[in-house]
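Okay, structure first, notes after.
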Amino acid sequence: MYKNSRSGAGRRSGYTVYSSKNHRPPKNRSKGQVIDPARFIKAATASEQIDYVATNSFDDFAMHPLLKANVTSKGYKAPSEIQDKTIAIGLAGKNVVGVADTGTGKTAAFALPVLNNLMRRPGSNAIIIAPTRELAIQIEEQCVLLSKNSGIKMATLIGGMPMGRQIHSLRIGARLIIGTPGRIKDHLNQGTLNLAFCDMVVLDEVDRMLDMGFLPDVRTILGELPGEHQAYFFSATLSNEIKNLINTFCHDPEYVDVKGGETSANVHQDVVRYSGKEEKIELLHEELIKEGNTKTIVFGKTKYGVERLAKELVARGFKAESIHGGKTQGQRKRALEAFRQDRSNILVATDVAARGIDVKDISHVINYDTPQTYDDYVHRIGRAGRAGRAGHALTFVER
Ligand code: AMP
């Protein structure tokens, strides 16, 4: 696929994949953490993964029968781990910090207790804040299905949509607000949204909100809530900045961590050793033309480096696109769509630009530049091997 006969293509010479037995001491030039390359090497264990066995059934939870019926009609047989561990805490009215990735079922983990409390307490209101419009819409869709026949009205406040319709939803008595920080703040500023009676708040994907620069807006929104409220914070990672936010706005929470091991068990992880720029690009080229390398994200450190690399790959005949902070939202969207729809099979990206993307069938993650921190590494490689399929992560390390 996308084979190319230029120098180096298809050759195996110079390609050195080290196993953990013979790796050499780290020579890591990243400005962030110094990460031992041995941490980039791990065999996949997909076939040995054991399915989570829930300790509760949905019936065990003290939830409104209507919600239980809606869960059943959605086809959920047993709670996922995050649901199993979060729903009872949420129903009890306690604050929760959930450490979980996307795809773990975390939406229902917070939506069910929030909806239950809205149904049982007519004076209650809730707001769910998500980093992207796409995620807000996904959450809304799930809430609509889970709350079917409950009569609970919702308003989805996201950018790029007319304010008028959103204001109308608020006026006719929305009790569940779902939105992105910027648009929620717009409504607060123009007096069309009042959070003084909102006693439940959910922050979804807090780490992404931080990456996208939304924390000041989020702090403003949280500051509008009444002193007594229940908070759910969900994040894939807990950096110091996120911990600060939790300390300020999420008093004495229960922590639920379903991240399990350090890195995705079903991702085969290895390193590629190189000497100098010339060999580095040739080794990347060889990797990209290998059998089974069907859809690859290549991570670079800077927007300039990412742009240069994408151009080089295109010049070599690859169908590559790039996303980074130097591109407009429209360009990023187009590049991502091309990648999603298989018009290109290589996406060169910076960490922040790639954070919000949700592409399911990625075969390989290649860390052309070493990640700044091990957390970034975990985020990067988590994109391969989704839904139980084995994926590959290769990290370039200088000899
Ligand atoms: P989420 O992480 O909330 O985006 O959920 C990921 C996907 O898993 C969605 O398609 C959900 O509908 C589905 N899902 C969530 N909880 C369950 C469950 N208990 N059983 C089966 N599927 C679920």
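In whole Hz, what ³J(HN,Hα) sequence does segment 97-110 give by Karplus (6.51, -1.76, 1.60; θ = phi - 60°), x for Gly and Pro?
For segment 97-110, the Karplus curve yields 10, x, 9, 7, 7, 5, x, 9, x, 6, 4, 5, 4, 9 Hz.
Under a GNM of the chain (C-alpha, springs under 10 Å), which listed residue has the highest mean-square fluctuation: R165, R332, R340?
R165
Would you mind classifying the chain by shape? Square roots of the alpha carbon gyration tensor eigenvalues, ordered a ≥ b ≥ c; an a/c under 1.5 is rounded, otherwise it is prolate if a/b is larger than b/c and oblate if not. Intermediate results must be reported in sequence, preceding the final value.
Values: a/c = 2.18, a/b = 1.81, b/c = 1.20.
Prolate shape, in that a/c is at least 1.5 and a/b is the bigger ratio.
Of the candidates V97, V258, V53, which one comes out as most mobile in a Gaussian network treatment of the chain with C-alpha springs shorter than 10 Å?
The residue with the greatest mean-square fluctuation here is V53.
Tell me whether segment 243-305 comes out rounded, prolate or oblate; compute the Cα gyration tensor, take square roots of the eigenvalues as a ≥ b ≥ c, and use a/c under 1.5 as the rounded threshold.
Prolate.
What residues qualify as long-range amide H neighbours of N95, i.e. H under 5 Å apart, gap of 5 or more or another chain, H built at 1.01 Å from N?
A231, E254
Select from E278, E307, E140 the residue whose mean-square fluctuation is largest in a Gaussian network model of the chain (Cα-Cα springs shorter than 10 Å).
E278
Considering only DSSP beta bridges where both residues belong to the chain, give the percentage that are antiparallel (nearest 5).
Once the DSSP bridges in the chain are tallied, antiparallel ones form about 5 percent.
Which angle from 0 to 90°, rounded to the nearest 10, does the C-alpha axis of helix 133-146 make with the longest principal axis of the chain?
50 degrees
List the aspartates and glutamates whose alpha-carbon lies under 13 Å from that of K259, not counting same-chain residues fewer than 8 positions away?
Excluding near neighbours in sequence, the set is E81, D101, D375.
With a ≥ b ≥ c taken as the square roots of the eigenvalues of the C-alpha gyration tensor of segment 105-192, please select rounded if a/c is under 1.5 and otherwise prolate if a/b is larger than b/c or oblate if it is not?
Here segment 105-192 falls in the oblate category.
Among the aspartates and glutamates, which have Cα under 15 Å from the Cα of K327 when same-chain residues fewer than 8 positions away are ignored?
Excluding near neighbours in sequence, the set is E307, E337, D351.
Can you say what percent of the DSSP beta bridges in segment 197-350, counting only those with both residues inside, are antiparallel? Round to 5.
0 percent
Working from Cα positions, state the angle (0 to 90°, nearest 10) between the long axis of helix 329-340 and the longest principal axis of the chain.
70 degrees
Filter K68/K106; K42/K333; K77/K295; K280/K303; K94/K243; K148/K333 down to the pairs with a C-alpha to C-alpha distance above 21 Å, please.
Details: K68/K106 17 Å; K42/K333 33 Å; K77/K295 32 Å; K280/K303 18 Å; K94/K243 18 Å; K148/K333 33 Å.
Violating the 21 Å limit, Cα to Cα: K42/K333; K77/K295; K148/K333.
What 222 nm value per residue comes from the helices of the chain, counting each DSSP H run with n ≥ 4 as -39,500 (n - 2.57) and dividing by all residues, nearest 500 deg cm²/dmol?
One gets -10500 deg cm²/dmol as the mean residue ellipticity at 222 nm.
Laboratory data are not the source of any read-out in this text; all were calculated from the coordinates shown. All values reported here derive from a predicted model rather than from experimental measurement.
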